[in-house]
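Read through the structure below, which is laid out as structure tokens, and then see the notes.
The values are calculated or read from the model by the stated rules, or taken from the named source; none is laboratory data. Just so we're clear, the structure is a prediction, and the values are computed from it rather than from any experiment. Note that we place each Cβ from the backbone using ideal geometry, even for glycine, and neighbour counts take in every protein chain shown.
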Ligand SMILES: [Zn+2]
């Protein structure tokens, strides 16, 4: 087997120790797919991936991933969530005021007073979606675009 020339293809979280490193046999939860142009693909653990790719890609990715999972857990269970008398759940993160409200037996999310269009089955799903929206920057981009559109519309209406 070649000891160099490997490249990282993808990574996956199996959720538990249900995988094995195809190189050293270690039980794995976090698995990395690597590929060599003459050897083919292989699924390995973080250490073997770093060694064969001669990079720290896998361990850096792993650290970032673990941090994100931890942040997500803390966000969902945060004591900063407030419930209003009308049943809204609100929280402020990264300067954005996010909210969740019951819609029938489902939950809908919104940011800075703008209501979303998708319903989530559980309060947890709604909270996870808010985390994703804010962390990925999607929420900020959406709100900035919306503000720009509203300003343009107003400008057109006022004629300048
Ligand atoms: Zn290994």
_Selection status of residue 12, within 16 Å of the ligand (Cβ to nearest atom) and buried (at least 16 other Cβ atoms within 10 Å of the Cβ)_ = no
*Would you tally the residues in segment 15-29 being out of contact with any strand residue (DSSP E or B) (no Cβ under 6 Å at 6 or more places or on another chain) and either more than 15 Å from the ligand (Cβ to nearest atom) or under 28 Å from residue 129 (Cα atoms) (or both)?*
4
*For segment 81-160, which fully contained strands (runs of 3 or more DSSP E) count at least 1 residues that are closer than 20 Å to residue 71 by Cα and in contact with a strand residue (DSSP E or B) (Cβ under 6 Å, 6 or more places away or on another chain)?*
89-93, 96-103, 106-111
*asked:* Only one of 1, 42 is within 13 Å of the ligand (Cβ to nearest atom), without any contact (Cβ under 8 Å) to a residue 60 or more places away in the chain and not assigned by TED's automatic domain parsing to the domain that holds residue 64. Can you tell me which?
replied: 1
*Output yes when any residue across segment 61-84 is within 15 Å of the ligand (Cβ to nearest atom), closer than 30 Å to residue 109 by Cβ and without any contact (Cβ under 8 Å) to a residue 60 or more places away in the chain, and no when none is.*
yes
*asked:* Residue under question is residue 33, and the condition is that it be within 15 Å of the ligand (Cβ to nearest atom), assigned to a strand (DSSP E or B) and at pLDDT 95 or above; does it hold?
replied: yes
